[in-house]
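Enquirer: The structure that follows is given in the form of structure tokens.
Coordinate-derived values only; no laboratory data. This one's a predicted model, so the numbers in the text were calculated from it and none came from an experiment. Every residue, glycine among them, receives a Cβ derived from its backbone with ideal geometry; neighbour counts consider all protein chains shown.
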Amino acid sequence: MSIAPSSAPSTDHPHVRSLRRRWMAPFLFAALPLALVACGKSASQAGPAGGQMPPPEVSVVTVQAQSHSVELEYVGQTAGSRETEVRARVAGILNKRLFEEGATVKAGTPLFQIDPSNFQTQVASAEATVAVAEAKVNQARRDQARLVPLIAEKAISQKEFDDSKSALESAEASLKQAQAQANEARLNLGYTKVVAPISGTTGTASKSDGSLVTASDSLLTTIVQTNPIYVNFSISESDLLRMTKQVSSGQLAVPGQRSANGSLGFSVNVKLADGSLYPRTGKLNFASEKVNPATGSFDARAEIPNPDGSLRPGQFVRVLLGGASRPNSISVPQRAVIDSPMGKIVFLVTPDNKLAPRPVELDGWTKGEWIVTKGVQSGDRVLVEGFIKAHEPGMTVKPVPYVAKAADGKPPAAPAAAEKPPAAPASAASAAAK
């Protein structure tokens, strides 16, 4: 039996060879650039001398122990230095409000007028009673004057003379009583005009014209004195205990006793809600000696000059207490501290220029730098810039001195995007934990 020849062309046939070349050509051209890139990459990794790449350049700061001023920061709320409720002292119909709500008034400024008609009548009646009492006193004096020569001649009995003397004394007492009642009536008439007891800013009127007000129970408005203004804040029991221990051990120095102007030694600055610093400096004028049972903290109060009224009662602010210092302490720039799974760490540059992560403990902020209480010693070189290029433990680097930036003086915030440290790798956290 003969087998029919296959229809597939032989691999040695000229047409097959031509077809193979046409299909392989595109793949060869596509593979050529990849091969060139691989060769170029190998050459670049080899470096100019055929070795490894040079170590990345990083900025470091050599830390030294010295005395640092520190600010103690707390959350506070502003309040008027004097806050007074204005109430009616007599009952009556409120005729008119005499002030603009929210206006600044001086002590003695009329605020409300209560209908004085009834009180004017009472004054007139009291004055008439005084006049009657005065007439009786005068009559008693004349009667006694007539009896003086008669008693000398024994023309009358001693009892008659004593009775005239008692009548005069009774009339004089009645006169004093009438005069007191007249004075009270005049006072009540004066109370119909309600005046500001202190200087300050008025609130809204609680009663409108035509309302019936009663003595003491009717709140008419409030007045708040805002220059100076108070800032109330609290210091937690744990914070106070920690500071007390640090003062005892010499790690923290605080101002001394109360000064002649009533200050407790600390200067006080206020940071507003938008992060800006209020331009005037105040003083700490009160610190409680006992724990507030409602909050579990110690109450304190600062007094801040507020001549233009830019601070208003009820604002939430941050209180910055100045005057404390940390003797023989170490600080590092804010951007040198990064977060890791093990907590806050810094990278040290060892004497042989290798990176070594180090866990640190921070306590306070001063002039753009963190105060480091544990983890760094004098003479250590701390990595400040270059985290993007170098953040692996044991990596060799080329350290150069760090040049401080203007932003370093700002309070702690997220690092700039251009130099934001990457999250510490697991290897750094592991090395720091050892």
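Enquirer: Of the listed pairs Lys374/Lys405; Lys245/Lys290; Lys271/Lys405; Lys290/Lys367; Lys96/Lys176; Lys245/Lys283, which have alpha-carbon separations greater than 29 Å here?
Expert: Beyond 29 Å between Cα atoms: Lys290/Lys367; Lys96/Lys176.
Enquirer: What order, most packed first, do the peptides 143-151, 265-273 have when packing is the mean number of other Cβ atoms within 10 Å of each residue?
Expert: The packing order, highest mean first, is 265-273, 143-151.
Enquirer: Need one number: convex hull volume per residue for region 116-190, Cα atoms only, in Å³.
Expert: Residue-normalised Cα hull volume stands at 56 Å³.
Enquirer: Once you have a ≥ b ≥ c as the square roots of the Cα gyration tensor eigenvalues for region 183-223, tell me rounded if a/c is under 1.5, and otherwise prolate or oblate according to whether a/b is larger than b/c.
Expert: Because a/c hits 1.5 or more and a/b fails to exceed b/c, region 183-223 counts as oblate.
Enquirer: Could you put Val123, Val382 in order, starting from the residue whose Cβ has the fewest other Cβ atoms within 10 Å?
Expert: So the residues, fewest neighbours to most, are Val123, Val382.
Enquirer: Spelling out what I want: for every residue of region 151-156, take phi, set θ = phi - 60°, compute 6.51 cos²θ - 1.76 cosθ + 1.60 (Karplus), and round to whole Hz; glycine and proline get x.
Expert: After applying 6.51 cos²θ - 1.76 cosθ + 1.60, I find 5, 5, 8, 6, 7, 10 Hz.
Enquirer: How many nm is it between the label spots at Ser67 and Thr396, if each spot is 7 Å from the Cα in line with the beta carbon?
Expert: So the label points at Ser67 and Thr396 sit 4.4 nm apart.
Enquirer: Which whole-number percent gives the relative contact order of region 116-190, counting Cα pairs below 8 Å spaced six or more residues apart?
Expert: 54 percent.
Enquirer: Could you derive backbone 3J(HN,Hα) for region 128-136 from the dihedral phi with the Karplus parameters 6.51, -1.76 and 1.60 (θ = phi - 60°), listing whole Hz in sequence and x where the residue is Gly or Pro?
Expert: Calculated HN-Hα couplings, in order: 5, 5, 5, 4, 4, 5, 5, 5, 5 Hz.
Enquirer: Asp239 versus Lys154, label points 7 Å from Cα toward the beta carbon: distance in nm?
Expert: According to this spin-label approximation, the distance is 9.5 nm.
Enquirer: Here's another thing I want to ask about it. Between Phe316 and Asn353, what is the spin-label point distance in nm, taking each point 7 Å from the Cα along the Cα→C-beta axis?
Expert: Between Phe316 and Asn353, the simple spin-label model gives 5.1 nm.
Enquirer: What is the set of long-range amide H partners of Leu362 at a cut-off below 5 Å, with H atoms built 1.01 Å from backbone N?
Expert: Distant-sequence amide H within range of Leu362: Thr373.
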